[in-house]
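*Asks:* Sharing a structure below in structure tokens format, with a few things to ask.
The values are calculated or read from the model by the stated rules, or taken from the named source; none is laboratory data. These numbers come from a predicted model, not from an experiment. Ideal geometry is used to build each Cβ from the backbone, glycine not excepted, and the neighbour counts take in all protein chains shown. Side chains are part of the model used for accessible areas, which takes the heavy atoms of the whole protein and leaves out ligands, DNA and RNA. Shrake-Rupley method; radii C 1.70, N 1.55, O 1.52, S 1.80 Å.
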Amino acid sequence: MPRIVTDELRENALHYHRSPKPGKLEIKATKPLFNQRDLALAYTPGVASACLEIHDKPEEAFSLTSRGNMVAVITNGTAVLGLGNIGPLASKPVMEGKAVLFKKFADIDVFDLELDANDPENFINVVAALEPTFGGINLEDIKAPECFVIEDELKSRMNIPVFHDDQHGTAIIVAAAIVNGMEIAGKKLSDIKIVTSGAGAAALACLNLLVGMGAKPENIWISDIDGVAYEGRDGINQWMAPYAKKTEARTLGDIIEGADVFLGLSAGGVLKPDMVKRMGEKPLIMALANPNPEIHPEEARKARPDAMICTGRSDFPNQVNNVLCFPYIFRGALDCGATAINEEMKIAATLAIAALAHEPTSETAAQAYEGGVSSFGADSLIPNPFDQRLILRIAPAVAKAAMETGVAARPIEDFEAYNERLTRFVFRSGMIMRPVFAAARKNLKRIIYAEGEDERVLRAAAMAIADGWATPILIGRPDVIERRAAEFGLSIKAGEDVEVINPSSDPRYHDYINTLVEIAGRKGVPLNAARTLVRTNSTVIAALAVKRGDADAMICGLEGRFYNHLDHIKRIIGLGPRTQDFATISGCILDRGTYFFADTYGNVERSVEHMAQLTRRVAGIVKRFGITPKVALLANSSFGSAESDSIQLMRDTASLLHEQGTDFEFDGEMHGNTALNQDLRQRLFPGSTLKGAANVFIFPNSDAANLAYQLVMELGSGTPIGPILVGAAATAHVMVPAATTRSVVNVSAVAAVEVQARIDHANALSAAGN
């Protein structure tokens, strides 16, 4: 080692370059570079220490570089989607899209490579030479039969995972669906007849995996563009040969009789209704051709009402989508240092996916989905691609299989800790709102927007209509709404696509006046004032619409002062039972996690009892996001280290909550850094009832909460959730003028789910009373 690298510099340099241990999902190719010391560690002379360490111990490359979290997505563009051989350059958008999925769903860094190499030998040589750079290879969109040769040769030459997703990703999802479908049908893999339309790479990979799981080759029949695969037929290659039959059958119709499974990876319309009628009892039809399946699901269902049906399309149940598995298979393989993705790992992924479809939703997830998740059955054979639990089930299963079969170079020692790290990844991503939108779609609610002419509202309304998670009602002038919508490129027709309340001409004008006078006539709103308010104040109109049942929830506050809007809601909708005053929760989605702050806008002095009540309500709302709340009661003190009125308030609140008991973790009073740092918290107070980092922060007053929230949002480039209003007698939320379209969308979805939660709560109370 060069003498210029001292022992101290060497240790500092290795520490600088070393990534977190495998599975932490925080491996980055970037490091701090703020001063001369950082430069000396990142590059010369310190970088020499990392180089020499890898030279002596090649396995250290996975911890001293980004290699352990880097996958290459590689193609030659010879079989791109349904577009065929369009070449490497034209395939690049697909490869970049694949890279996005890897990063979004599994936090894997990807470099896409489009090779101008149609000759398999050239392609193999180029890819094999890249092994020092990557932790895994994802082959993509390579035509058959060359793809078989390429993958087999690369697997034999390389000591990292090589995975052709078009083959094996499809096979894993298909096999999971078949496992569950046959369970419902009461059949065994070893007994079923499988008829396949198509003999490409994906179809053959599906059959090979099924055979590995127990299906018998003699029960598997193939038909392709040239007809049935029979012994002696021209064009039967070595990969089709195991399934070629000694038979006189020549067409799909000749072999479909009594089939338990139809596997279609071919062309639209090849499976006819009369063929479906001749299949076995409770058949599974996998019509996976895109965009037109081998048979339309409605046709199949009409021909056989007992059939289970999967397609490759997102607009029907049981979508076979490779994103269900490939990010998570690589996640598990990388985290244990797998040198290959073998059959046992693929089977482990298959069984994990199949098992997840059976799982009852956890309490937290059930609250997030509001009970809208389909239970296991004919229309739910495989999980939804956005199921947040996929990574939590597949990655550990794959890693364990790799370890059991001896291909894990860096075995995971603590799977409990590994699962915890995976869980933290799920909830630090922007996917946090997905379960809320899923719940909103199950029970459409009418959301009225006070500022219906605002661009942010128009965009949010357009998204609600297009994505089907709410029925928007806009307050405003219809001609202005349509004109502005057109300016923004939105297709919104007042009275057709969306209901509009025009303050100057709505026929309910007098009814709204009477309601307002009835509610607020003794609160400083006489008849003349009511007439003016119902013509000119959109927040008043929105609140009256909710009060009268013309809307389920309201959103306002994009213009004007926050507390003016709050006053109208308080006067018209009122406070909920046992509520001292309104409070607000503001959420912030950061790279490191999702956090909630309260009370950010309430501006109310609270008693100990009401602070405890607020804490419970905030924890309940956080659960709707599918997040387990970990609550910290914050103050300028940690467990008695200082004294003041606000400190005493939070200390007494913690005591009351401990005395009453809760169904969530909490503790206090404590400083902000103590809330986020368990090691520090344990040193200060080993008996703390809060484990891990807090994700919900209750402040002694709104000034502290709002300042902390705004600073975190700006410093962390956060995505906002809220503000979410707590304490109203009906669902109402007040935005702030700085809110973005995304803020409006998120709060709207939260409002829709809140309405249903209120209904469910009322029904539960009614049932208990009976």
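*Asks:* Step by step: first the residues of the range 135-149, then only those that are outside any strand (DSSP E or B) and farther than 13 Å from Val94 by Cα, then the one that is modelled with the lowest pLDDT. Which residue is that? Step through it out loud before you land on a result.
*Replies:* Of the range 135-149, the ones outside any strand (DSSP E or B) are 135, 140-149.
Among the residues that remain, those that are also farther than 13 Å from Val94 by Cα are: 135, 143-149.
Numbers: Gly135: 94, Lys143: 90, Ala144: 85, Pro145: 88, Glu146: 92, Cys147: 92, Phe148: 92, Val149: 93.
Restricting to residues being outside any strand (DSSP E or B) and farther than 13 Å from Val94 by Cα, the top hit is Ala144.
*Asks:* Continuing with this model, one more query. Of all strands (runs of 3 or more DSSP E) completely enclosed by the range 679-742, which ones contain at least 1 residues that are surrounded by fewer than 20 Cβ atoms within 10 Å (Cβ to Cβ)? Please lay out each step first, then the result.
*Replies:* Numbers: elements: 696-698, 719-726, 731-734.
Filter on the range 679-742 gives 719-726.
*Asks:* Which condition does Thr471 not pass, out of (1) more than 24 Å from Asp506 (Cα to Cα); (2) modelled with pLDDT of 90 or more, if it passes all the others?
*Replies:* (1)
*Asks:* Considering Lys216, Lys187, which residue is among the basic types (Lys, Arg) and out of contact with any Asp or Glu (no Cβ under 7 Å at 6 or more places or on another chain)? So that I can check it myself, show each step before the final result.
*Replies:* Working: Lys187 fails: out of contact with any Asp or Glu (no Cβ under 7 Å at 6 or more places or on another chain).
Just one listed residue meets the conditions, Lys216.
*Asks:* Report, by residue number, each residue of the range 153-206 that is assigned to a helix (DSSP H, G or I), charged (D, E, K, R) and farther than 22 Å from Leu265 by Cα.
*Replies:* Keep residues of the range 153-206 that are assigned to a helix (DSSP H, G or I), which gives 153-157, 165-185, 201-206.
After this cut, where a residue has to be charged (D, E, K, R) as well, the list is 153, 155, 157, 165-166, 183.
If the condition is that a residue be assigned to a helix (DSSP H, G or I), charged (D, E, K, R) and farther than 22 Å from Leu265 by Cα, then Glu153, Lys155, Arg157, Glu183 are the ones that fit.
*Asks:* Scan the range 207-265 for residues that are part of a loop (DSSP other than H, G, I, E, B), surrounded by 15 or more Cβ atoms within 10 Å (Cβ to Cβ) and β-branched (Val, Ile, Thr) and report the count.
*Replies:* Final tally of qualifying residues: 2.
*Asks:* Name the pairs whose Cβ atoms lie under 7 Å apart, with the first residue in the range 750-770 and farther than 21 Å from Gly468 by Cβ, the second open to solvent by less than 20 Å² (accessible area, probe 1.4 Å) and aromatic (Phe, Trp, Tyr), and 6 or more positions between them or separate chains?
*Replies:* If the second residue must be open to solvent by less than 20 Å² (accessible area, probe 1.4 Å) and aromatic (Phe, Trp, Tyr), no pairs are left.
*Asks:* Suppose we keep only residues that are more than 14 Å from Gly269 (Cβ to Cβ) and without any contact (Cβ under 8 Å) to a residue 12 or more places away in the chain within the range 290-305. Which one would you say is least open to solvent (accessible area, probe 1.4 Å)?
*Replies:* Taking the candidates together, the pick is Arg301.
*Asks:* Condition first: over 23 Å from the mean Cα position of the chain (by Cα), open to solvent by 10 Å² or more (accessible area, probe 1.4 Å) and closer than 18 Å to Val100 by Cα. Now tell me which residues in the range 69-84 satisfy that.
*Replies:* Leu81
Residue by residue, here is whether (1) open to solvent by 10 Å² or more (accessible area, probe 1.4 Å); (2) among the β-branched types (Val, Ile, Thr); (3) in contact (Cβ under 8 Å) with a residue 40 or more places away in the chain holds:
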{"site": "Glu131", "(1), (2), (3)": "yes, no, no"}
{"site": "Ile137", "(1), (2), (3)": "no, yes, yes"}
{"site": "Glu146", "(1), (2), (3)": "yes, no, yes"}
{"site": "Ile150", "(1), (2), (3)": "no, yes, no"}
{"site": "Glu153", "(1), (2), (3)": "yes, no, no"}
{"site": "Val162", "(1), (2), (3)": "no, yes, yes"}
{"site": "His168", "(1), (2), (3)": "yes, no, yes"}
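*Asks:* In the range 453-499, what residues are small (Gly, Ala, Ser), farther than 13 Å from Ser748 by Cβ and open to solvent by less than 10 Å² (accessible area, probe 1.4 Å)?
*Replies:* If the condition is that a residue be small (Gly, Ala, Ser), farther than 13 Å from Ser748 by Cβ and open to solvent by less than 10 Å² (accessible area, probe 1.4 Å), then Gly476, Ala485 are the ones that fit.
*Asks:* Kindly indicate whether any position in the range 664-672 is open to solvent by 50 Å² or more (accessible area, probe 1.4 Å) and either among the hydroxyl-bearing types (Ser, Thr, Tyr) or closer than 23 Å to Arg624 by Cβ (or both). Break it down stepwise before answering.
*Replies:* Taking the range 664-672 first, the residues open to solvent by 50 Å² or more (accessible area, probe 1.4 Å) are 665, 671.
Then drop every residue that is not either among the hydroxyl-bearing types (Ser, Thr, Tyr) or closer than 23 Å to Arg624 by Cβ (or both), which leaves 665.
Checking the range 664-672: at least one residue is open to solvent by 50 Å² or more (accessible area, probe 1.4 Å) and either among the hydroxyl-bearing types (Ser, Thr, Tyr) or closer than 23 Å to Arg624 by Cβ (or both).
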